[in-house]
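Enquirer: Below is a structure I'd like to ask you about.
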Amino acid sequence: MIVAGAGGHAIELLDILISNANTDDLFFFDNQTDRTQVMGFTVIKDWKEAQEFLKNDPRFILGTGNPLIRKMFYDQFSQLGGEHIAVKGKGIAYSNFTTSNEADIFNLCFIGANTQIGKGTLINTGAQVHHDVQIGAFSDINPGAILLGACQIGGFCSVGANATILPKVRIGNNVIVGAGSVVTQDVPDGVTVVGVPGKIL
């Protein structure tokens, strides 16, 4: 199995894999740094080498938090014959009435009823996604963020650590919500929102 990425996020991901006893034949991929190992595991540097590994084991995991890089890795590894595997951490309060099969959900998260979480999205440690929330593909919900009932988050968004999105608020695609912000009103595509209450920069 290959973890696509070898930075800080990948190390946190490795902790989850170790706790799930899921590190057999594990490699990392990163062609942007000089790093050759992550906590003793080999880092692959070349796409052709990655393709050879995928022939033996097609599984890959997204090991970065950045939405655009997650999508790039997803597309490239899929084109090489890879099969995306979503990660589920420990201590998740997870409703039986949710759709999130292709989302990564890290330790100690709350996922409420009737939620829909898009492909390739990351719900990071301690985040809360309450009832009827919808999140698009390849978004990044950072640690401690709170998404309250029936709010909607578009694709390729980043909701900062400890930010709060109030009930029924709609956030467009490609939006950045600053850490600690409280979003009280709808937000259009492609903007950055910061502050309490959140204001568009």
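Enquirer: Report every pair of residues separated by at least 6 positions or lying on different chains whose Cβ atoms are under 6 Å apart, first residue within region 139-152 and in the same structural domain as residue 126 (by TED's automatic domain parsing) and at pLDDT below 95, second surrounded by 24 or more Cβ atoms within 10 Å (Cβ to Cβ) and in a strand (DSSP E or B).
Expert: none
Enquirer: Applying the selection to region 87-107, what residues are surrounded by fewer than 18 Cβ atoms within 10 Å (Cβ to Cβ), in contact with a Lys or Arg (Cβ under 9 Å, 6 or more places away or on another chain), assigned to a loop (DSSP other than H, G, I, E, B) and not acidic (Asp, Glu)?
Expert: Correct list: 101, 107.
Enquirer: Another question about this same structure. Residue by residue through region 100-134, note down the ones that are aromatic (Phe, Trp, Tyr) and closer than 19 Å to residue 148 by Cβ.
Expert: 110 - this is the single residue of region 100-134 that is aromatic (Phe, Trp, Tyr) and closer than 19 Å to residue 148 by Cβ.
Enquirer: Can you say whether residue 36 is in the same structural domain as residue 133 (by TED's automatic domain parsing), over 23 Å from residue 176 (Cα atoms), hydroxyl-bearing (Ser, Thr, Tyr) and touching a strand residue (DSSP E or B) at 6+ places or on another chain (Cβ under 6 Å), as far as the supplied structure shows?
Expert: Spelling it out, it is not the case that residue 36 is in the same structural domain as residue 133 (by TED's automatic domain parsing), over 23 Å from residue 176 (Cα atoms), hydroxyl-bearing (Ser, Thr, Tyr) and touching a strand residue (DSSP E or B) at 6+ places or on another chain (Cβ under 6 Å).
Enquirer: Going by what's in this entry, would residue 45 be described as over 14 Å from the mean Cα position of the chain (by Cα) and either surrounded by 15 or more Cβ atoms within 10 Å (Cβ to Cβ) or assigned by TED's automatic domain parsing to the domain that holds residue 139 (or both)?
Expert: yes
Enquirer: With in contact with a Gly (Cβ under 7 Å, 6 or more places away or on another chain) and surrounded by 19 or more Cβ atoms within 10 Å (Cβ to Cβ) as the only criterion, which of 120, 155 stands out?
Expert: Every option except 155 fails the conditions.
The values are calculated or read from the model by the stated rules, or taken from the named source; none is laboratory data. Here the structure is a predicted model, which is why all the values come from computation and not from measurement. Because the Cβ atoms are built from the backbone with ideal geometry, glycine has one as well, and the counts that use them run over all protein chains shown.
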